[in-house]
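Report on the structure given below.
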Amino acid sequence: MTAVTDQDHTDNDQTDNDRTDHEQTDHEQTDHEQTDHGQTRNDQTDTDRKNSRDGRDGRDGRDTRDSRDSPGAGENPPVGEQAQGQAQAQPQGRVDAEGRGTVEDPAKASCSEPRSNPGAGAGAGAGTEAGGTASGGTAPGAGGSDPGGDPGGAWDDGLIARRVSEAAAAEQAAAMETRVGGGGGNALPSTPLTYDGPLRSRLDALRELVGLSRTRLDSRTLAEAGRVLDEAAARRRLSGQHTVVALAGATGSGKSQLFNALAGVNISETGVRRPTTSAPIACSWSDGASTLIDRLGIPGRLRRRPVQSQDAEAQLRGLVLIDLPDHDSAAVQHREQVDRVLALVDAVIWVVDPEKYADAVLHERYLRPMAGHAEVMFVVLNQVDRLPGEAAELVLDDLRRLLDEDGVALGEYGEPGATVLALSALTGDGIGELREVLGQFVTERGAAARRIAADVDAAAWRLRPVYATGRRSGLSEEARDEFADRLADAVGATAAGEAAERAWLRNANRACGTPWLRLWRWQQDRRDPPTGRLPVRAQADDEATARQRVEQAVRTVSERASAGLPTPWAQAVREAAVRGAQGLPEALDQLAARAGLPPGRPPRPGWWPVAVLAQACMTLLQVVGGLWLLGQIVGVMAPNLGVPVLLMVTGIIGGPLVEWSCRLAARGPARRYGQDAERRLREAAAGCGRARVLDPVAAELLRYREVREQYGRVTGVGAAAR
Amino acid sequence: MVTLDVRPQLLDALSALRDRVAAARFPLPLAGAPRARANRDELLAQLDDYLVPRLRQPDAPMLVVVGGSTGAGKSTLVNSLVGQRVSEAGVLRPTTRTPVLVCHPEDHHWFSGMRVLPRLTRVWAPHQESADDLLLPGEDGRHELRIETADTLPPGLALLDAPDIDSLVADNRVLAAELICAADIWVMVTTAARYADAVPWHLLRTAKEYDVTLVTVLDRVPHQVVSEVSRQYGALLTKAGLGHVPRFTVPELPESAWGGGLLPATAVAPLRNWLVHHVQDPGSRHYALARTAQGVLDSLKARMPELAGAAASQYAAALRLTSAVDTAYDAEYTRVRGRLQSGAVLAGDALKRWRAFPLDCTAAELLDALVESLAALLLCAVTAADERVDDAWRREPASEAPELTDREASPESTEHRIGLAVRRWRRELEEYAEDEVRGLERGAAPDPESVAALVATALLGGRRARSAGEGLAERIGAHGALRLRDRAGRLLTEHLDRVLHTERERRLAPLDGLEVHAEPQAELIAALSVLQKER
């Protein structure tokens, strides 16, 4: 029984170089390069240790840039110390590691190159950055132009990437066979993780969503989404060939026991003393996972190797197992560790025991919130040896029921979901089954992507209240019309129109009225005070617009527009409306003064001169008839009563008749004139309101709709529709 | 040490205090409110279930509550102590859903009544729960307590098998806490796998805080590790300041596990002996009882001020909410007055009508327009005030109370109310105008409606309606015009005040409905000080 500490701490700054090498390897399909590297590696294993100082120095510069991605990198003690400590603890381990070290690993082989060649290092660094910022095909040509230098940005984007990863997978399968045949070869080429198309587009959508909403939402709301994005980017840069699985559970459930049983070696301390494990321990079944473990912040002295055995190796190749401290003991820092690591691993095995499987802490604090991660979750009922006979089945069923109540999908009948197993780490019952399931799970290599997908789901769900309300939103046509109506009210369009109509009618009547009436009215005017008699246009009122009506109109329309929007966006819409409303009353004031009445003299209908002429004729007839009669009375003219009386009567009756018919005829044009005046004012007010309030509101709504669409894409609903 | 004689004054003070606690409400969702509510319920449970009955009847049997985590083997332990299967034990968690109380047949009358645990319905039929197990207790909102008698128990001792303190069923947790509060002696059961769990330790710390008579049992310890685990546990207890607590260890036996069997009497003998000794020896019994009672009484000193503090912060929050409403409405009131002064009502439609009056516009139309404009001004003021209130309340966590958030959102009804008020003002104004016109001699009497319109214009139009005043004076004389204007102005102010006041009251009504007052704080403290004096 031997346990070996994973040696390759220098991997932290090699990921890009790994990519470089693989690009070359995969494209050129040459084997001799690998052998070259293998030989170099032999020489360098020792040099690396001696120069560990330099190595760290070289890495520090990178760490500052990459610290976001691998938070644990800084915690690593100097490599030399690790090597020493572990040499004391496990004397044989060293030898074993050396032996394994001789096996080629292209990833490690190149580790000294960038250091000796600063230019290459810079190139690789640039590659990393491009990889970090590239989002779904933004840098597709980089790999082609400089295949050796920085393929990182274009590595897993687009068609080439897919082809490459397929090729890589095929080659790996082949390599695996040869290595198993050759014996002792357990180093996986650490190809970075690739996400499939839908997940990548969802991540891109989430990134865009966060970018779009930064101005509207506070950073606290977006923190979770940002974390998911960061983790997804960080995980993508690390090995896709490894699956990090954590063993989590309550104190005394036998996590460490199971850990040891899986590793086949007594790595993690077990005992009756509670809580036993106080810091996470990692065990990697193959090389190239050290960056992953770095990310978890597990120091080198807590990294182990499983016992050497061919079939176990083959079965669990690519597995990185993490033994976690408990989550329910009185030691609070344990819980913090668990929470931190659980956010970073690819999958979790929840270890429960018959005594504690129904603990509220487990279900309420962990399983319910993580129900969406069912696909990357195993629930293992440990210590079944303590249960008599069929009780194990009962408990297992009860556990399934509880999980179901937690909302955890169970992976039964071929459906995706959590795997539930019963086993005993003590007697070894069921360990084989777990190994098998785990092996299959690891071979699929989908856990990391599924975990990220579940994370995105969870983040999207948590963001739901700020993006979706399930109600219809938007500004309806009626609301717009109502707004225009209210503004028209505010400037007094209706009243202005009516006033104009009546004034026109009055003028028409006056024009066509009998001169006697006009004379009488003129006299009347002179006697009366001039209250309200002045023409509307003569007086330019300041604040002719009803401020309160404008305010109310804006408030109503912003309320209508923001109905059905999540709070932050509703606030934004309201602010846009209020901003637009500033200065709106003044603008309406000017407008009312300018567009109140049609310019120029009021239009006159064509028949007007005729009517005036007719009226004049009637008056003339009256006068002529009157004069004629007067002449007869005086005796100047021959007495003929009939004709002058007829003339006068015609004039007297005809005058009002003409006036009356003119009044009837003028009604139509008067209404047209009034309506015209009203329409002009109304349209001007509506145009002003549209430009100042409705358009900004609509723009804000459009922005929301965009974000909403983006959110739909994040949740995966939109992705299917595209 | 307090003696456990019946002391009426103390009991009176205690029940007064209990009523005060029961009356305390924490309806506003402040940060500390859920905790205060839980504290209040817990305190109430402790007073009702334990302290008052115990002080009233010191001779009642000693109630020992067995509590602990799920799967710790509480039921098995109780069964073993009794010597027969009284409580269901099993492998499925949580096992015990209905608490079971076991006592000697002679003591049955102590527990059959509502002396202790008055909130639990007694269930008489033993062993029938398997038949109607489908209806889980607590589902219908009330809990049950099954009472069993066993003559293997010594008289004067009652064992209560409580549900899990960390049950997945939240209701069970509450019930467990309530039951534990009712105990004279707390028996905390934990296991070899659990003794470092956080939840039981929380309970242990509570026990220490109340200084109750506490016993811990380390159950289900595998034989091989008995001494080591026991030592570990002892060390942890000592570290927590509970080193003096009696500690019993029960090994894991095949029977103990999953059959619900009874442990051999030898396995639980030490615990049983300890309990029997405390029941039968008057000195020990007195000491144990007095200590728990004393501890709970002492704990009041810290818990009551905490409740009082929570009540005070509730009141402060309610005050803040109220003052936000007041500020908003006061500000809007000032704004409306200012606007009225400056003649904002005579704008838009009304202004156009006024310009056309009397040639192209009738008095009725002018009045209509003015009234509408005034209603718009008031509605605008009220909605603006509401908006300010919303803004201010958004910063207050207390405004999240459901009673405050789901007020009917109907600006239409506000509009309706304001419309009514304004129309009433118009009607009264017209009556005034008619009064004034009636006094004039017949011939020169102008149309009362145009007089009303002119008064309204003069009142609402500010500076730009100066000519309205002149016209009015011309029509009904300077003296009459002045009088009419004054009366109408007073009427307007009156209506304006009434409208804004009504709206403010409507806004405050839900908050008033919560009945958050300043009194509970003082009352709680006063009740505590009375109690302290009586001890």
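Residues that are open to solvent by 10 Å² or more (accessible area, probe 1.4 Å), away from chain A (no Cβ under 14 Å) and in contact with a strand residue (DSSP E or B) (Cβ under 9 Å, 6 or more places away or on another chain) do occur in the stretch B:289-298.
Enumerate the helices (runs of 4 or more DSSP H) found wholly within the stretch B:1-69, keeping only those where 1 or more residues are out of contact with any Leu (no Cβ under 8 Å at 6 or more places or on another chain) and open to solvent by 60 Å² or more (accessible area, probe 1.4 Å). Give the steps one after another, and end with the answer.
Numbers: elements: B:8-23, B:33-46, B:52-56.
Ranges flagged: B:8-23, B:33-46.
Would you check if B:Leu203 is modelled with pLDDT under 85 and either under 38 Å from the mean Cα position of the chain (by Cα) or of a type in the set (Lys, Arg) (or both)?
Values: modelled with pLDDT under 85: yes; either under 38 Å from the mean Cα position of the chain (by Cα) or of a type in the set (Lys, Arg) (or both): yes.
When the stated conditions are applied, B:Leu203 passes them.
Does B:Arg339 fit the bill of being out of contact with any Lys or Arg (no Cβ under 6 Å at 6 or more places or on another chain), in a helix (DSSP H, G or I) and open to solvent by less than 50 Å² (accessible area, probe 1.4 Å)? It is true that B:Arg339 is out of contact with any Lys or Arg (no Cβ under 6 Å at 6 or more places or on another chain), in a helix (DSSP H, G or I) and open to solvent by less than 50 Å² (accessible area, probe 1.4 Å).
Output the helices (runs of 4 or more DSSP H) that fall wholly within the stretch A:416-511 and possess 1 or more residues being among the β-branched types (Val, Ile, Thr) and within 30 Å of A:Arg703 (Cα to Cα), or say none. Spell out the reasoning first.
On the way: elements: A:431-444, A:447-467, A:477-491.
Those helices (runs of 4 or more DSSP H) span A:447-467.
Can you confirm whether B:Gly73 is open to solvent by 10 Å² or more (accessible area, probe 1.4 Å), more than 30 Å from B:Ala308 (Cβ to Cβ) and not charged (D, E, K, R)? Yes; evaluated as a whole, the condition is true for this residue. Taking the conditions (1) open to solvent by less than 30 Å² (accessible area, probe 1.4 Å); (2) under 42 Å from the mean Cα position of the chain (by Cα); (3) of a type outside the set (D, E, K, R) in turn, B:Val229 satisfies each one other than (2). Quick check, is A:Thr221 at pLDDT below 85, open to solvent by 20 Å² or more (accessible area, probe 1.4 Å) and more than 14 Å from every other protein chain (Cβ to nearest Cβ)? Yes: the conditions hold for A:Thr221. Of the numbered criteria (1) surrounded by fewer than 16 Cβ atoms within 10 Å (Cβ to Cβ); (2) of a type in the set (Asp, Glu); (3) within 23 Å of B:Ala207 (Cα to Cα), the one B:Asp281 fails is (3).
Only a single criterion out of (1) touching a strand residue (DSSP E or B) at 6+ places or on another chain (Cβ under 6 Å); (2) part of a helix (DSSP H, G or I); (3) not polar (S, T, N, Q) is not satisfied by A:Ala232, namely (1). From the list A:Glu375, A:Glu364, A:Glu390, exactly one residue is within 14 Å of chain B (Cβ to nearest Cβ), modelled with pLDDT of 85 or more and open to solvent by 10 Å² or more (accessible area, probe 1.4 Å). Which is it? The conditions single out A:Glu364. Please indicate, with yes or no, whether at least one residue in the stretch B:251-271 is charged (D, E, K, R) and either within 14 Å of another protein chain (Cβ to nearest Cβ) or not in a helix (DSSP H, G or I) (or both). Yes - at least one qualifying residue is present in the stretch B:251-271.
Is one or more of the residues making up the stretch B:168-189 among the small types (Gly, Ala, Ser), within 14 Å of chain A (Cβ to nearest Cβ), open to solvent by less than 10 Å² (accessible area, probe 1.4 Å) and not in a helix (DSSP H, G or I)? Please lay out each step first, then the result.
The initial filter retains those residues of the stretch B:168-189 that are among the small types (Gly, Ala, Ser), namely B:170, B:176-177, B:182-183.
From what's left, within 14 Å of chain A (Cβ to nearest Cβ): B:170, B:176-177.
Next, from what is left, pick out any that are open to solvent by less than 10 Å² (accessible area, probe 1.4 Å): B:176.
Remaining after also requiring not in a helix (DSSP H, G or I): none.
Scanning the stretch B:168-189, I find no residue that is among the small types (Gly, Ala, Ser), within 14 Å of chain A (Cβ to nearest Cβ), open to solvent by less than 10 Å² (accessible area, probe 1.4 Å) and not in a helix (DSSP H, G or I), so the answer is no.
Restricting attention to the stretch B:319-336, which residues are open to solvent by 10 Å² or more (accessible area, probe 1.4 Å) and among the small types (Gly, Ala, Ser)? Step through it out loud before you land on a result.
First pass over the stretch B:319-336, keeping only residues open to solvent by 10 Å² or more (accessible area, probe 1.4 Å): B:319-320, B:322-324, B:326-327, B:330-331, B:333-335.
Result: B:Ser323, B:Ala324, B:Ala331.
Of all the numbered requirements in (1) touching a helix residue (DSSP H, G or I) at 6+ places or on another chain (Cβ under 8 Å); (2) open to solvent by 10 Å² or more (accessible area, probe 1.4 Å); (3) in contact (Cβ under 8 Å) with a residue 24 or more places away in the chain, A:Thr270 misses one, and that requirement is (3).
State whether one or more residues within the stretch B:469-489 are at positive phi and either open to solvent by 40 Å² or more (accessible area, probe 1.4 Å) or in a helix (DSSP H, G or I) (or both). Among the residues of the stretch B:469-489, not one is at positive phi and either open to solvent by 40 Å² or more (accessible area, probe 1.4 Å) or in a helix (DSSP H, G or I) (or both), which makes the answer no.
Considering (1) open to solvent by 50 Å² or more (accessible area, probe 1.4 Å); (2) in contact with a Pro (Cβ under 9 Å, 6 or more places away or on another chain); (3) modelled with pLDDT of 85 or more, say which one B:Thr216 fails and leave the rest. Checking B:Thr216 against (1) open to solvent by 50 Å² or more (accessible area, probe 1.4 Å); (2) in contact with a Pro (Cβ under 9 Å, 6 or more places away or on another chain); (3) modelled with pLDDT of 85 or more, the one that fails is (1).
The residues of the stretch A:411-432 that are farther than 20 Å from A:Val265 by Cβ, modelled with pLDDT of 85 or more and not small (Gly, Ala, Ser), listed by number, are A:Thr419, A:Val420, A:Leu421.
Would you mind stating whether B:Val516 is under 30 Å from B:Ala33 (Cβ atoms) and either surrounded by 14 or more Cβ atoms within 10 Å (Cβ to Cβ) or hydrophobic (A, V, I, L, M, F, W, C) (or both)? Steps first, please.
Numbers: under 30 Å from B:Ala33 (Cβ atoms): yes; either surrounded by 14 or more Cβ atoms within 10 Å (Cβ to Cβ) or hydrophobic (A, V, I, L, M, F, W, C) (or both): yes.
Yes, satisfied.
With respect to A:Arg462, is the statement that it is at pLDDT below 85, open to solvent by 50 Å² or more (accessible area, probe 1.4 Å) and among the charged types (D, E, K, R) true? Spelling it out, it is not the case that A:Arg462 is at pLDDT below 85, open to solvent by 50 Å² or more (accessible area, probe 1.4 Å) and among the charged types (D, E, K, R).
Of everything listed in (1) facing chain B (nearest Cβ under 10 Å); (2) within 21 Å of B:Asn172 (Cβ to Cβ); (3) in contact with a helix residue (DSSP H, G or I) (Cβ under 9 Å, 6 or more places away or on another chain); (4) part of a helix (DSSP H, G or I), the single unmet condition for A:Arg335 is (2).
The values are calculated or read from the model by the stated rules, or taken from the named source; none is laboratory data. Computed from a predicted model, the values in this text were never measured in an experiment. Please note: Cβ atoms are built from the backbone with ideal geometry, for glycine as well, and neighbour counts cover all protein chains shown. Heads up: the accessible areas ignore ligands, DNA and RNA and are worked out on the full protein's heavy atoms, side chains in. Shrake-Rupley method; radii C 1.70, N 1.55, O 1.52, S 1.80 Å.
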